[in-house]
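Taken together, the values in this text are just the output of simple stated rules run on the coordinates, not laboratory data. Please read all numbers here as calculations on a predicted model, not as lab measurements. Every residue, glycine as well, gets a Cβ built from its backbone with ideal geometry; the counts of neighbours run over all protein chains shown.
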Amino acid sequence: MKKIVWKILNALRVGGPVQLFLNSQLKEDGWFNSFYKKKSVGLNNEPLPWYTYSFIKFISPRLSKNFSAFEFGSGNSTFWISNKIKFIKSVEHDKAWYEKVKINLPVNAELVYKEVENDSYAKEAGVAGNKYEIIIIDGVDRNNCVYESINSLSSNGVIIFDNSERKEYSETINFLSKEGFKKIDFWGMGPVTPINSCTSVFYRENNCLGI
């Protein structure tokens with residue numbers, strides 16, 4: 001009976017999607033759950049960053065409770081990384097989203113609201129004069145955020161740049177290369193959407209991730 005059912009499904013060209021739903025890496029990653037809920041969550045509804053799955057798996061075991069991070073943009077990535085490092089500060093430009101995220105903010109996370117105008121959003125990483133092991137470029141005004149935050153990166157720090165495949169970021173990527181950063185691209189699908197995307201990590205020698 002089982003063979004007959006699969007034969008019919010394959011004849012209808014839906015056998016592949018059914019197989020992916022029943023037993024696949026996408027199911028284990030929680031992609032179907034995130035797709036139907038339209039939230040960046042895993043299989044058990046745990047928060048996940050909206051990065052590619054390949055990058056999430058790469059960086060997760062390399063994070064340390066000794067790290068501090070600055071994040072442009074906020075959301076489930078804020079909750080996810082706060083469980084793995086000492087401290088994270090995030091800046092958000094969307095007032096409504098800021099109000100929603102800050103309700104359940106972890107004790108080791110700080111979220112501030114800044115408007116994009118006058119570069120107050122992009123310059124927020126340098127306001128306190130702190131150095132961060134990780135700077136995450138995942139909000140608006142990304143090119144400017146890189147230029148304004150690079151001096152807030154610790155000597156062993158790395159930059160996470162999401163959606164780095166977009167043409168509008170090519171100039172910034174070239175800038176980082178000239179500043180001595182190497183780049184590893186992590187292509188693939190991420191939560192919620194079925195599209196192919198790229199999350200990149202920019203690093204120098206003797207970096208905190210050991211790469």
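Remarks
- Max mean-square fluctuation residue, GNM over the chain, Cα-Cα springs under 10 Å, options Glu110, Glu179, Glu133: Glu179
- Rule-of-thumb Rg ratio for the chain [Cα; 2.2 N^0.38 Å; N residues]: 1.13
- Computed on segment 127-187, with alpha-carbon pairs under 8 angstrom and 6+ residues apart, the relative contact order is 36 percent.
- Taking the DSSP beta bridges with both ends in the chain, the antiparallel portion is around 40 percent.
- Spin-label pair Asp94/Lys167, simplified geometry with 7 Å Cα→Cβ offset, distance in nm: 2.5 nm
- Working note: 222 nm ellipticity from helices only, DSSP H runs with n ≥ 4, each -39,500 (n - 2.57), summed and divided by the residues of the chain, gives -8500 deg cm²/dmol to the nearest 500.
- Taking the chain and dividing mean pair separation by its residue count, relative contact order in percent (alpha carbons under 8 Å, at least six apart): 20 percent
- Pairs exceeding 24 Å between alpha-carbon atoms, taken from Lys37/Lys89; Lys39/Lys100; Lys86/Lys123; Lys131/Lys167: Lys37/Lys89; Lys131/Lys167.
- Here Ser64 and Leu105 are evaluated by their C-beta separation; at R0 = 25 Å the FRET efficiency comes out at 0.75.
- Sorted by Cβ neighbour density within 10 Å, fewest at the top, the residues Thr172, Thr199: Thr172, Thr199
- Extension gain for the segment Ser24 to Asn206, taken as residue separation times 0.36 nm less the Cα-Cα distance, is 61.9 nm to one decimal.
- Estimated FRET transfer efficiency (Lys37, Ser154; beta-carbon r; R0 45 Å; 0.05): 0.80
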